[in-house]
There are 2 protein chains.
Amino acid sequence: MSLAVVGSVALDTVETPAGKSTDALGGAATFFSLAASHYTQVHLVGVVGEDFPQEHIDLFSVKGIDIDGLERAPGATFRWSGRYHDDINVRDTLETQLNVFENFKPKLPDAAKNAKYLFLGNIHPALQLEVLRQARPEFVALDTMNLWIDTTRKELEEILAKIDCLIINDEEIFELTGERNIVRGARKIQDMGPSIVAPKKGEHGCLLFAGEKIFSAPAFPMAEVIDPTGAGDTFAGGFMGYIAQQDSIDFATLKKAVIHGSVLASYTCEEFGVDRIALVRPEDIETRYEAFVELAKF
Amino acid sequence: MSLAVVGSVALDTVETPAGKSTDALGGAATFFSLAASHYTQVHLVGVVGEDFPQEHIDLFSVKGIDIDGLERAPGATFRWSGRYHDDINVRDTLETQLNVFENFKPKLPDAAKNAKYLFLGNIHPALQLEVLRQARPEFVALDTMNLWIDTTRKELEEILAKIDCLIINDEEIFELTGERNIVRGARKIQDMGPSIVAPKKGEHGCLLFAGEKIFSAPAFPMAEVIDPTGAGDTFAGGFMGYIAQQDSIDFATLKKAVIHGSVLASYTCEEFGVDRIALVRPEDIETRYEAFVELAKF
């Protein structure tokens, strides 16, 4: 079943203890699409500027990602730059240039409107609501961030009431619910709308609350993380891609989807930007999925 | 197979967001023994003062814990008091009164000397070395803390070279190895001696490095943690108790031992001090073990 994603396509400049990458392909919708394209037809909705390199367009095409919804607007592409600490779990944003993203008004082509599965990447909740008005999905997952929780709570609560799944991290759960306890926080979020809540915990793996049920997925133990940028969006892409491929949201499928998301996210961390995730082959997914099985079984 | 433990027996005063507990039974060897007693004969080696209540002695007896090695010395029992934050993963030590523990010179009775399995609780590494000199264990696990890593590194390194398993948390791995990356940190510790390293991550579960192999155990999702004091020592008790009962350190046994440790630690967190762990029945262990199976399987 097809899957639409709305979110940023960006040029990232990233410094980590392992080195630096300048104006490299990034953005939530990029990582999401590259991951999800392993499982299903992806319709990408976003915007880039006139400076967006053709080679990135070519990469999307090679991966079979539908970019009819990727608008090219006058001006420069969204740029983000950040620096990670020696503790790779901590980063500072150095600069955000919204550029063409500032006036982004998502317009969904028919294929995206008709997609059964929809992922609303981390953009202004009012835009997420606008996308939902245009589309007819049966299952919607959403990402957000502290900025929107703090500044646009009303719109965020409005959209939370309309979606099926929220992918979120610990700190955002606290901002959103006032709960430091992740179980109570997830339950409160379920009361706000989404029956499925997936708290991402980075190097500690991921939890999944689906109705009353809970699943705990490990993180892949990595001796070196080169660049975690995009790992969360890659996770979402693997997760939603697998769900769309299986065309099921039963608990067994959701659990496997979390592992597929974790598998792909671990690859993203192995190189800067999309350097590794763009090269992942089906057999790489299979091998690492088996490694997750070994890691968790007892 | 029998199991000896050397460590503190204390009277704890603890404040958490859920309430307060005053001069309650605590100490590493206490939690360890209560957990391990479910699996095997435990020989407890420690010291208490003249003020140590008889009811606590009675509890050890009821649980079948051998306290021939629990010395009663002139003076007061070791006292610790601490306060947990609203974020229950953070605590401040308010007061430590070493009392009789200050001059503790462990003397192992024959049964403890002859135990095949030995746990060296978190005491001065010179004392841990002294215990090791007296005993003839075939498998030794050890706990330590930042204080010893910072102030007695030479003795700590000496004992690390002689043991089989180190149970440690993230922050201590960093102090000991300079590594924020838990995989690299664990590998460095393995190079220092113990072939098995078990990094405890509290609410994020526990990892197990055994030779080249890695296992990731989830934490039991708890909507309320009443008092996490002693959870780490309870974990160690369940872990070592199961290993001693099975009389095996193959990887499959070690993984199940991590889950048993996690099961018992989760019970400890449900009430103040030993209030819950002292009441755990075999069927409670079984039920929660099954919950861990459900939580982790995919």
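Work out from phi, with θ = phi - 60° and the Karplus expression 6.51 cos²θ - 1.76 cosθ + 1.60, the ³J(HN,Hα) of each residue of segment A:270-279, listed in order in whole Hz, and give x for Gly and Pro.
Karplus-based 3J(HN,Hα) across segment A:270-279 equals 7, 9, 5, x, 9, 3, 8, 5, 6, 9 Hz.
Taking every DSSP beta bridge that has both residues in the protein assembly as shown, what percent is antiparallel when rounded to the nearest 5? Write out the running numbers ahead of the final one.
Details: 40 of 100 bridges.
In the protein assembly as shown, approximately 40 percent of DSSP beta bridges are antiparallel ones.
Could you work out the relative contact order of chain B, using alpha carbon pairs under 8 angstrom and six or more residues apart, expressed as a whole percent? Don't jump to the answer; show the numbers that get you there.
Working: 665 pairs, mean separation 55.2, N = 298.
Averaging sequence separation for qualifying contacts and normalising by length gives 19 percent for chain B.
Estimate the FRET efficiency between A:S248 and B:N146 by the formula 1/(1 + (r/R0)^6), using the beta-carbon distance for r and 45 Å for R0, to the nearest 0.05. Could the numbers behind the result be given before it?
Numbers: r = 48 Å, r/R0 = 1.06.
According to the calculation, E is roughly 0.40.
Rank by packing, highest mean first: peptides B:4-10, A:10-16, with packing defined as the count of other Cβ atoms within 10 Å averaged across residues.
On the way: B:4-10: 29.1, A:10-16: 23.1.
Highest mean packing first, the order is B:4-10, A:10-16.
Let me make sure I get this right: for segment B:146-298, a, b and c are the square roots of the gyration tensor eigenvalues over alpha carbons, sorted descending. Under 1.5 in a/c it's rounded, otherwise prolate if a/b > b/c, else oblate. Which is it?
Values: a/c = 1.81, a/b = 1.50, b/c = 1.20.
The shape class here is prolate.
Among DSSP bridges having both ends in segment A:19-175, what percentage is antiparallel? Round to the nearest 5.
Details: 6 of 18 bridges.
Antiparallel bridges: around 35 percent, rounded to the nearest 5.
Before rounding to the nearest 500, sum -39500 (n - 2.57) across all DSSP H runs of length at least 4 in chain A and divide by the residue total; then give [θ] at 222 nm in deg cm²/dmol.
Working: 11 runs with 114 residues, N = 298.
Here the helix-only value at 222 nm equals -11500 deg cm²/dmol.
As a quick test, which of the pairs A:K113/A:K162; A:K200/A:K255; B:K116/B:K213 have an alpha carbon distance above 19 angstrom in this structure? Don't skip to the end; give the middle numbers.
Working: A:K113/A:K162 16 Å; A:K200/A:K255 14 Å; B:K116/B:K213 24 Å.
From A:K113/A:K162; A:K200/A:K255; B:K116/B:K213, over 19 Å: B:K116/B:K213.
Specify whether the C-alpha gyration tensor of chain B places it in the rounded, prolate or oblate class, a ≥ b ≥ c being the square roots of the eigenvalues: rounded for a/c under 1.5, otherwise prolate if a/b is larger than b/c and oblate if not.
Details: a/c = 1.24, a/b = 1.09, b/c = 1.14.
It is rounded, given that a/c, with a ≥ b ≥ c, falls under 1.5.
Amide H neighbours of B:D51 under 5 Å, at least 5 residues apart or on other chains, H built in the peptide plane: list them.
B:T77
So, R0 is 56 Å and r is the distance between the beta-carbons of B:D87 and B:R133; what FRET efficiency does that work out to, to 0.05?
Efficiency for this residue pair is about 0.85.
Can you give the relative contact order of segment B:177-298 as a percent, counting alpha carbon pairs under 8 Å and 6+ residues apart? All intermediate terms of the calculation are to be shown ahead of the outcome.
Values: 160 pairs, mean separation 24.7, N = 122.
In percent, rounded to a whole number, it is 20.
Take every residue in peptide A:217-226, count the Cβ atoms of other chains within 10 Å of its Cβ, and give the average of those counts.
Whole-number average of other-chain Cβ neighbours for A:217-226 is 5.
Averaged over A:166-174, how many beta carbons belonging to a partner chain fall within 10 Å of each residue's beta carbon?
Details: counts 0, 0, 0, 0, 2, 0, 0, 0, 1.
Taking all residues of A:166-174 together, the mean is 0.
How much length is gained if the chain between B:L279 and B:A223 is pulled fully straight, taking 0.36 nm per residue apart and subtracting their Cα-Cα distance, in nm to one decimal?
Numbers: separation 56, 0.36 × 56 = 20.16 nm, distance 2.04 nm.
Extra length from B:L279 to B:A223 when fully extended: 18.1 nm.
Where a number appears in this text, it was derived from the coordinates with a stated rule and is not lab data. Only a predicted model underlies this, so the values are computations on that prediction, with no experimental measurement involved. Neighbour counts run over all protein chains shown; Cβ positions are idealised from the backbone, glycine included.
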